[in-house]
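Chemist: Mind having a look at this structure? Questions to follow.
The values are calculated or read from the model by the stated rules, or taken from the named source; none is laboratory data. Bear in mind the structure is a predicted one, so any value in this text is a computation, not a measurement. Here Cβ is always computed from backbone atoms with ideal geometry, including for glycine, and neighbour counts include all displayed protein chains. These accessible areas exclude ligands, DNA and RNA; they are computed on the full protein's heavy atoms, side chains included. Shrake-Rupley method; radii C 1.70, N 1.55, O 1.52, S 1.80 Å.
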Amino acid sequence: MAGFFISIEGGEGAGKTTQGNLLRERLAAAGYRVEFVHEPGGTDLGEDIRRWVKSSVKPLTPEAELFLFAAARAELVRRVIKPALDKGGIVLADRYADSTTAYQGYGRRLPMRAVESANNLATGGLWPDLTLLLDADPEAVLARARVQPSLGHGAGHRESTARNRGGEHDQQRFEQAGLAFHRRVREGFHAIARQQSERWAIVDAGESVEAVADELWRRVMERLQARATPLDASARLPGI
Ligand code: TYD
């Protein structure tokens, strides 16, 4: 695979989308060709699943959640991620299969072997070269969300993309799941990061937007520059 695959993970309200956008802009400005994808989403099926997941008032069963996220990912991997990597570009994913392990495995407590099987089938064995964990204390996220009228502000700032508006509903879902659930999700991310430490970089999401963005940029550059073969020249835009 000629390209470079980066995923951003973390709980709700950690600022993944804001930071993903900043990172994408910075990589593009440095001349890299970047495909930015959001899970679930990025394909026709994925967008329908996203709408369903984001708008369902009644919680889905954990098993149905597992299959829905896996179905969205199976499409995204084969139709978008893999082709972009094959062309030598950078793929930046706002959530990937580690979210399923953290949310459906640790959070919803589905058997880990079932979660692993679903992840392996959906990803076809394709895992990121680097996973950035935006680490935030769910209690702090919840407290902040109660002061500011919607969730998804990531470390005290606004998530600005249209797809992330509707924050009140996000907040409702977040509160409904309960603090214990979000703590298990956070612990899940940490557990995976401990098991696969070479792939993961943990960044404190509680710092300012600029400080977090700088730290993410530093981690990405470190990994990109450490590659045995530099990213394909074709990953750079013509003339840069
Ligand atoms: P997302 O839109 O990224 O939420 P946010 O931007 O608020 O962090 O993700 C939608 C929800 O789907 C979020 O609650 C996390 C959940 N999710 C899973 O439970 N499992 C998964 O595999 C994925 C990709 C998301």
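Chemist: Below 8 Å between Cα atoms, with a sequence gap of 6+, how large is the relative contact order for the chain in percent?
Modeler: With pairs under 8 Å counted, the relative contact order is 33 percent.
Chemist: So, for the range 4-230, what is the accessible surface per residue at a probe of 1.4 Å, expressed in square angstrom?
Modeler: 46 Å²
Chemist: Going from most exposed to least, what order do LYS16, LYS87, LYS54 have by accessible area with a 1.4 Å probe?
Modeler: The residues order as LYS87, LYS54, LYS16, largest area first.
Chemist: Carbon and sulfur: what percent of the chain's accessible surface (1.4 Å probe)?
Modeler: About 53 percent, which is the carbon plus sulfur part of the accessible surface.
Chemist: Whole-Hz ³J(HN,Hα) for each residue in the range 170-182, computed from phi via Karplus 6.51 cos²θ - 1.76 cosθ + 1.60 with θ = phi - 60°, x for glycine and proline: what do you get?
Modeler: 4, 5, 4, 4, 4, 5, 4, 5, x, 5, 4, 4, 5
Chemist: Taking the Cα centre of the range 168-238 as the origin and placing charges on Cβ (Lys, Arg +1; Asp, Glu -1), which of ALA226, LEU216, HIS182 is farthest toward the positive end of the dipole?
Modeler: Towards the positive end, the residue furthest out is ALA226.
Chemist: With a/c under 1.5 counting as rounded, go ahead and sort the range 30-144 into rounded, prolate or oblate using the C-alpha gyration tensor (a ≥ b ≥ c being the square roots of the eigenvalues; past the cut-off, prolate if a/b is larger than b/c, else oblate).
Modeler: prolate
Chemist: Using the alpha-carbon atoms, what tilt in degrees (0 to 90, nearest 10) does helix 62-76 show relative to the longest principal axis of the chain?
Modeler: 20 degrees
Chemist: Which distance in nm do the two modelled labels at ASN120 and HIS169 give, with both placed 7 Å along the Cα-to-Cβ direction?
Modeler: 3.6 nm
Chemist: Further question: So what's the angle, to the nearest 10 degrees on a 0 to 90 scale, between helix 209-226 and the longest Cα principal axis of the chain?
Modeler: 40 degrees
Chemist: Another question, if that's okay. Straight-line reach from LYS58: which aspartates and glutamates fall under 15 Å, measuring Cα to Cα and dropping same-chain residues less than 8 apart?
Modeler: ASP170, GLU175
Chemist: Between VAL57 and ALA228, what FRET efficiency follows from the Cβ-Cβ distance if R0 is 35 Å, with the result rounded to 0.05?
Modeler: Once the sixth-power term is evaluated, E becomes 0.10.
Chemist: In nm, what is the difference between 0.36 nm times the number of residues separating ALA180 and ALA28 and their Cα-Cα distance? Walk me through the intermediate numbers first.
Modeler: Details: separation 152, 0.36 × 152 = 54.72 nm, distance 3.86 nm.
Additional length available on full extension: 50.9 nm.
Chemist: May I ask you to list the lysines whose Cα is less than 27 Å away from that of LYS54, ignoring any residue fewer than eight positions away on the same chain?
Modeler: LYS16, LYS82
Chemist: Something else about it: So if I place +1 on the C-beta of Lys and Arg and -1 on the C-beta of Asp and Glu, and nothing else carries charge, what would the dipole magnitude of the range 1-154 be about its Cα centre? I want it in debye, nearest 20.
Modeler: The calculated dipole for the range 1-154 is roughly 180 debye.
Chemist: Roughly what would the spin-label model give for GLU47 and GLU207, points 7 Å off Cα along C-beta, in nm?
Modeler: 3.6 nm
Chemist: Mind ranking GLU175, GLU215 by accessible surface for me, highest first, 1.4 Å probe?
Modeler: Result, largest first: GLU175, GLU215.
Chemist: Can you give me the long-range amide H partners of THR131? Hydrogens built in the peptide plane at 1.01 Å from N, cutoff under 5 Å, separation of 5 or more residues or another chain.
Modeler: Amide H neighbours of THR131, under 5 Å, 5+ apart: SER7, TRP200, ALA201.
Chemist: In degrees between 0 and 90, to the nearest 10, how far off the longest principal axis of the chain does helix 138-147 point, with axes built from Cα atoms?
Modeler: 70 degrees
Chemist: Please arrange TRP52, TRP217, TRP200, TRP127 by accessible surface area, largest first, computed with a 1.4 Å probe and ligands excluded. Don't jump to the answer; show the numbers that get you there.
Modeler: Numbers: TRP52 145, TRP217 45, TRP200 15, TRP127 80 Å².
So the residues, ranked largest to smallest area, are TRP52, TRP127, TRP217, TRP200.
Chemist: Which residue, chosen from PRO83, LEU130, ALA143, occupies the Cα position most advanced towards the positive end of the dipole of the chain, where the dipole is computed from +1 (Lys, Arg) and -1 (Asp, Glu) charges on Cβ about the Cα centre?
Modeler: Farthest along the dipole direction, towards plus: PRO83.
Chemist: Give the long-range amide H neighbours of ASP94: residues separated by 5 or more places, or on another chain, with amide H under 5 Å away, using H modelled in the peptide plane at 1.01 Å from N.
Modeler: Result for ASP94 returns ILE8, VAL37, HIS38, GLU39.
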